[in-house]
Amino acid sequence: MTVSEVRKRYLEFFKKRGHTIIPSAPIVPGNDPTTLFTSSGMQPLVPYLLGKDHPEGNRLTNSQMSFRAGDIEEVGDNRHTTFFEMLGNWSLGDYFKKEQLPWIFEFLTDPAQGLGFDPAKLYVTVFDGDESAGMELDTESVEIWKQLFKEKGIGAELVRLGTEEEGYEKGSQGGRIFAYGSKKNWWSRSGVPSNMPAGEPGGPDSEIFYDFGTPHDPKWGANCHVNCDCGRFVEICNSVFMQYVKDPDSSFSELPKKNVDFGGGLERLTATTLQESDVFLIDVFDSARNVLEAKTGKRYGSDEQVTRSFRIILDHIRAASFMLAESVVPSNTEAGYVLRRLIRRSIREADRLGVTETLLPEVAASFSEVYAEQYPHILEAADKIREELQKEEEKFRKTLSQGLREFEKLLSKHEVSPDDAFILFTSYGFPVEMTEELAKERGITLDMNAVATKMKEHQDTSRAGGAQRFAGGLADHSEQTVRYHTSHHILLKALQIVLGDEVKQRGSNITAERLRIDFSHGAKMTDEQKAKVEEIANEVIYQDLPVTRTVMPRTEAEKLGAQMEFGVKYPDMVSVYSVGPIHATEENPDIPNAFSLEFCGGPHVKNTSEIHEGGKRFKIQKEEAVAAGVRRIKAVLV
Ligand code: ALA
C-alpha cells in the first residue's frame, strides 16, 4: 500500500467507530513555550488530556506531522526518521483498554477494513510495573491480549522481562506478550515517572511489534527480544493508557477522566504492508531516492555506507522541507538551529557520496510534489524551500572550504590534535570526520575517542528539544511558576542596577507562590534601595517586553555579558534568555540592549505582559542575610 492509502484506511476505520477526524497541528507549535517541535499526536491535545472539553468531542483521530530532534543521530538504520506522521486516536475520558486494544488489533489484521497483517507476526508488550512509582503489572492488558490472540488460534504466553538489569533477554524465546518496566512501557513526554515535571500526564502503555524474521545480530546482545535494537522486530504502534498526572510532591494522581492516547508510525505501517522492514522503501521516498541515484550514480542498497548516506539525506531533507514550509529559516537559535543541523548533515552525506555541487533543492522539490495533496502548504512553499536550501547549501560549502584552509594552517604549525578537530568543528562547522580523513592522509592518527568525548558533551547540550527546556531549578512548570521565573531574571538585573554590577546570583528557588533569590552583597539593603528595585522591576514588566531564547556558543554568550550562576560549569553551546530584544546598538556593537540576558534553560513567559496579567505588581516581601556576604530576597506578584 501507499502512505496515502494507509492513512485513509486508518482514519476511516476510526471514523466508523465514532471518532472525529481533526487536522494535523503544525510541527513548530506556536503557543507552547515548553517545547520546540510537535513530537507526537498527543502534544497539541495536552489541555484536553488533562480534562478540558474538546470542541470536537471525546473521540478524536488524525495523522499528525511529528518531528523528534532527539532521533537525529539514530537516522541511518532501517527504521528511524526525525520527521514522521503519527496516526493517532484518542479517548478523552470515554473508552479505555478493552475497546482500544481489540480495535487496533482488528485494524492491523483485518484485510478488508485494515492492513491485513498476519497476526502470528505480531508481538506485544505491556507494563511490568514500577515499584518506585507504586505501580503494578498491567494485568488488564495482559488478559485482553491473551483473548485476542486466542481468537486467532495463537497461544500467547506472558513473559515478564522487567528492567534491563533483571535481563530483558531472559526467556524472550517462546513468548507473545512481554512485560517491561517503566523505561520501555511507561509513556510521558519526559519519559519515566521520575523524570516527569509536575502537571505532566502519563501512564502505562502497550506496544505492538512486527516480526520481520531477519537474523539477529549478536552485536546487540546474545538473545533477541522484541525491544532489541537489531531491527528484527519493528515497533509499529503504541497505545498509552493515560490515567495519571504527576503532582508537585512527586506522587501520582488519577486523572479525573482516563484517556487513551494511541500513536502509530504511518511510515513503518506502510513499509510493513509491503513486507519491508526498511521505511525508506515506501512510495513517498521514491522520487527523491531517484534524484539521489541519478545525481550520485550510486544505487540505494548497493553498499552499507551509501545506503546510510541516502537515508540521512532523504530523512533530513523531508524534515527540512516541512520546517521551511512553516517559515522556519536556518539560524543559530531554536527551531532554526535544528533546521540548520539537518541541512548541514545532509551536505556532509552528499560530500561522502561524492557530490560537490548543489544537490538539496532538487531532492526537496520531490517532497513538495509527493505531499501536495495531503499537505498543500508544502507545495505552496516549494519555491521558498528550494531558495532557502540553495542559500544554506552554498553558505555551508564555503564554510567547508574555509575549514579546509584552517586545517592546512594548523598543520603547518603542529600536528593536528583532538582539540583542533573540535575547534575546527565548533568554530568553522568543519566535520570532525573530515579532519580525521585529512589527518590520515598526512600520516597523523587522531585519537577519535578523545574527539568523540568532546563532541558528545557538545551534542548533549546543543540537542534542542523538550528535555532541555524542562531543565532549571523550578518546582514545577505551572503558568504562575513560569511568571516568577522570568520575574527572577528581571529582579537580578534590577539589583545590579541599584546595588552595582558586582551583585551575582548565588542560588534560586521558585515556586508558584513566590520567588527566592540568593545574591552576593555585603550589606543589608535600605528601604530606598528595595523601593528602587521594585520600581525598576515593575517598569520593565509593564513595558510588555518580549522574552526570547537563543542557543549560542558559550564564548559568544560570555562576550555579550550574559549572567551565569556562580560555580556552574556551562557547556559549549548554551541557551540564553533575554528580556527585551537582543540587538547591538550602534555605539556598542558588542553589547545587546536587552534589559536582561541570562544563561538559562527556561521555561519563561513569551512577553512580560503575562507577568502583570490582572494588574499584578512585583513586591519584595523579605530581605535577609543567609551567609557572610550573601543576601536573600523573597518576592511576590500581588
Ligand atoms: N504518544 C504516544 C507515543 O508517542 C502514543 O508513542
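Observations on the model:
- From the list E388, E362, the one residue that fits, being within 24 Å of P29 (Cα to Cα) and out of contact with any strand residue (DSSP E or B) (no Cβ under 9 Å at 6 or more places or on another chain), is E388.
- Applying the criterion of at least 2 residues that are closer than 20 Å to A635 by Cα and either free of Cβ contacts under 8 Å to residues at least 60 places away in the same chain or out of contact with any strand residue (DSSP E or B) (no Cβ under 8 Å at 6 or more places or on another chain) (or both) to the helices (runs of 4 or more DSSP H) found wholly in the stretch 476-567 leaves 479-499, 527-541.
- Some residue of the stretch 154-164 being of a type in the set (A, V, I, L, M, F, W, C), at pLDDT 95 or above, within 31 Å of the chain's Cα centre (by Cα) and farther than 30 Å from P44 by Cβ: no
- Condition check for F178: closer than 11 Å to T125 by Cβ, in the same structural domain as E74 (by TED's automatic domain parsing) and buried (at least 19 other Cβ atoms within 10 Å of the Cβ): yes
- Subset of the stretch 268-283 that is under 23 Å from the mean Cα position of the chain (by Cα) and hydrophobic (A, V, I, L, M, F, W, C) - its residue that is farthest from the ligand (Cβ to nearest atom): F280
- Selection count where residues are under 17 Å from G181 (Cβ atoms) and surrounded by fewer than 18 Cβ atoms within 10 Å (Cβ to Cβ), scope the stretch 105-135: 3
- Residue in the stretch 482-511 that is modelled with the lowest pLDDT, counting only those that are in contact with a helix residue (DSSP H, G or I) (Cβ under 7 Å, 6 or more places away or on another chain) and more than 19 Å from E610 (Cβ to Cβ): S508
- V226 aliphatic (A, V, I, L, M) and either free of Cβ contacts under 8 Å to residues at least 60 places away in the same chain or within 14 Å of the ligand (Cβ to nearest atom) (or both): no
- Cβ separations smaller than 6 Å between residues 6+ apart or across chains give the following pairs from the stretch 358-374 residues that are within 14 Å of A294 (Cβ to Cβ) to residues that are surrounded by fewer than 22 Cβ atoms within 10 Å (Cβ to Cβ) and polar (S, T, N, Q): S366/S287.
- Qualifying residue in the stretch 1-11 (condition: assigned to a loop (DSSP other than H, G, I, E, B) and within 14 Å of the ligand (Cβ to nearest atom)): no
Yes/no per residue for (1) away from the ligand (no atom under 15 Å from the Cβ); (2) closer than 18 Å to I282 by Cβ:
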| site | (1), (2) |
| --- | --- |
| S63 | no, yes |
| H80 | no, yes |
| L92 | no, no |
| Y95 | yes, no |
| Q113 | yes, no |
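- Exactly one residue out of L92, L137, L122, L161 is touching a His at 6+ places or on another chain (Cβ under 9 Å), under 23 Å from C224 (Cα atoms) and not aromatic (F, W, Y): that is L161.
- Residues that are at pLDDT 90 or above, within 14 Å of the ligand (Cβ to nearest atom) and in a loop (DSSP other than H, G, I, E, B), drawn from the stretch 28-57: F37, T38, S39, S40, G41, M42
- Qualifying residues in the stretch 348-367 (those that are modelled with pLDDT of 90 or more and of a type in the set (S, T, N, Q)) - the one nearest to T296 (Cα to Cα): T358
- Residue in the stretch 165-216 that is farthest from the ligand (Cβ to nearest atom), counting only those that are of a type in the set (D, E) and in contact with a Lys or Arg (Cβ under 7 Å, 6 or more places away or on another chain): D211
- Inside the stretch 247-267, residues that are more than 16 Å from the ligand (Cβ to nearest atom) and on the phi < 0 side of the Ramachandran plot make up a count of 9.
- From the list V260, V240, V226, the lone residue that is touching a strand residue (DSSP E or B) at 6+ places or on another chain (Cβ under 7 Å), in a loop (DSSP other than H, G, I, E, B) and surrounded by 22 or more Cβ atoms within 10 Å (Cβ to Cβ) is V226.
- Selection count, the stretch 330-347, where residues are modelled with pLDDT under 85 and either within 15 Å of F425 (Cα to Cα) or not in a helix (DSSP H, G or I) (or both): 3
- For beta carbons closer than 8 Å, sequence separation of 6+ or different chains, a first residue in the stretch 40-67 that is at positive phi and a second that is basic (K, R) and away from the ligand (no atom under 11 Å from the Cβ), the qualifying pairs are G51/K257.
The values are calculated or read from the model by the stated rules, or taken from the named source; none is laboratory data. Note that the structure is a prediction, hence the values are computed from the model and not measured. Backbone-built Cβ (ideal geometry, glycine too); neighbour counts: all protein chains shown.
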